[in-house]
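J.: One structure coming up, written as structure tokens, with questions to follow.
Please treat every number below as a calculation from the coordinates, not as lab data. In this text, all values refer to a predicted model and were calculated from it rather than measured experimentally.
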Amino acid sequence: MRKLVYYVGVSIDGYIAGPGGEFEFYPVADDMVAWITERYPETVPTHLRAQVGLEDAPNKRFDTLVMGLGTYRPALDIDVTSPYAHVRQYVVSTTLDEIADPGVELVREPHGIVRELKAEAGDKDIWLCGGGELAGALLPEIDELIIKSYPVVAGAGVSAFSGGFRPTLFTPTDRKEFSNGAQVTWFTRTP
């Protein structure tokens, strides 16, 4: 069975973006960018892939992406209607009327589609790209976390998980550090 994997960057205080959706405040280092493009090339948006030499790179971990409207909106703001055209894309929203791009499917209720996607045959997983409300709603379905922890305090913004109090245990399985002080930690759901 395929896994739903929440792969996301967070600040020390647990925010994935600022109050206005900002994410440029994360300190980026060349060794981290090189590692991400090598290990998870499909997480680089389509319109940026050529700039980092990934125009024809195959997907290594994910072939499907699920994101909320808050994660999709920055692409729309720069007239990109299919930000990850190299994977299947689902946008979860109850307020968006339609998505004009045939490469992006609008979903009203995420649980059913996530269960369908997880049940599909295949060796690639499903990337839960964000945001915090969607991650909170899908917490029971999340099998693995890949958390990019950046050494910065945001102070306010979009929490990595929003919703009710629901303690859920995950077990750390690996960790990698980078020159900018950031770390990537892998967690699997604790049985």
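J.: Once Rh for segment 52-113 is found with the Kirkwood sum over Cα pairs, what is the Stokes-Einstein diffusion coefficient at 20 °C and 1.002 mPa s, in µm²/s? Display every interim value, and only then the final one.
T.: On the way: Rh = 12.5 Å.
Roughly 172 µm²/s, to the nearest whole number.
J.: Stick to the Cα atoms of the chain, pair each with every other, and give me the Kirkwood hydrodynamic radius in Å at one decimal. Kindly include the intermediate steps, with their values, before the conclusion.
T.: Details: mean 1/r = 0.0586 Å⁻¹.
Answer for the chain: a Kirkwood hydrodynamic radius of 17.1 Å.
J.: List, in order, the whole-Hz ³J(HN,Hα) value for each residue of segment 59-73 obtained from phi through the Karplus relation with A = 6.51, B = -1.76, C = 1.60 and θ = phi - 60°; use x for Gly and Pro.
T.: Rounded to whole hertz, the list is 6, 9, 10, 10, 10, 9, 9, 10, 9, x, 4, x, 7, 6, 3.
J.: How large is the Kirkwood hydrodynamic radius of segment 136-191, counting all unique pairs of alpha carbons, in Å? Don't skip to the answer; put the middle values down first.
T.: Working: mean 1/r = 0.0776 Å⁻¹.
Kirkwood hydrodynamic radius for segment 136-191: 12.9 Å.
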